[in-house]
Every structure is written in structure tokens, then in C-alpha cells.
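These notes concern the structure reproduced below.
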């Protein structure tokens, strides 16, 4: 059903579980998995920006490539950009004709933000990506992530 899946990461432990979900989905569908990491707006010359992007690509590869190789999965691409994270991920999804985007809600826990434990945090990147996405978005809720379940 899905041939191109885009997983958005912030390279935190929180994203490891979302990555596993996206990888399983890609494997089940024999789909290509695009791993996107947005580093935000950078102020610097082109050489400095290129260096930070290359460092981001290395971090993404260190976080996920070994796991994919262990499972025999090689249909992936890594994309790291600077700029507005939401704008860049939406543009990337559109330009690569992605069938599905997979992302989490937020890395902030509601209690840490002073909210009631019954209120889930829906981060600004997730919210704005959903509103601007050119394809369906699958959001992995905190209740599916070990250690973040409430209730």
C-alpha cells in the first residue's frame, strides 16, 4: 500500500520507538524509508552550514543505519536540512511524492510543562506538519511508547 514512507526524527530516545514503528511499516510494505532530520535555521556561511548538515547525517546514520542493516533493510535515504523544520519536511514529502509520514507528538511530557496528566502534549512541529502535509500522517501517541504511557 505504501511505497514511500517519511519518518521525522529529532534524534532523541523518544524517536527510537517511533523509528521502529516506521521501519516495521516500511518492511511490511516493501517501501522506501526516508529518514528526515531538520536542524533548524542556521546562521553561518555555506561551509559552516554544510558542515553542520554533514554532522547531522552522521548522527542519523549512527542512530538508525545499524538497526536497519541488522534486519536486512536497505531501502532507505537520509535527508538532513537546515531551515524551518516544518516547511522543509513538507517540501521534502511533496518533492519525493511520499505516501505516508510517520511522526510522534512531542518530546515534552505534559507534567513537565505543568499540565494535567490527562492532557497530552502535541508539539508545534507535529501540529504544523499535520496541517501542511501533502499526504496522510500517522502519529504515534505517547501511550504506545514504553515509559510514556499514562493512565
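Points worth noting:
- In the stretch 8-31, residue nearest to residue 57 (Cα to Cα) [restricted to those that are buried (at least 19 other Cβ atoms within 10 Å of the Cβ) and in contact with a helix residue (DSSP H, G or I) (Cβ under 7 Å, 6 or more places away or on another chain)]: 9
- In this structure, residue 70 does not satisfy being modelled with pLDDT of 95 or more and farther than 16 Å from residue 16 by Cβ.
- Hits in the stretch 102-132 (condition: modelled with pLDDT of 55 or more and in contact with a helix residue (DSSP H, G or I) (Cβ under 6 Å, 6 or more places away or on another chain)): 102, 103, 104, 105, 107, 121, 125, 128, 129, 132
- Qualifying residue in the stretch 53-67 (condition: at pLDDT 95 or above, surrounded by 15 or more Cβ atoms within 10 Å (Cβ to Cβ) and more than 18 Å from residue 16 (Cα to Cα)): yes
- Considering the stretch 1-103, the qualifying strands (runs of 3 or more DSSP E), each wholly inside and each with 1 or more residues that are closer than 23 Å to residue 128 by Cα and in contact (Cβ under 8 Å) with a residue 60 or more places away in the chain, run over 4-9, 32-38.
The values are calculated or read from the model by the stated rules, or taken from the named source; none is laboratory data. It should be emphasised that the depicted structure is a prediction, and the values quoted were computed from it without experimental measurement. Cβ sites come from the backbone with ideal geometry, for glycine too, and all protein chains shown count toward neighbours.
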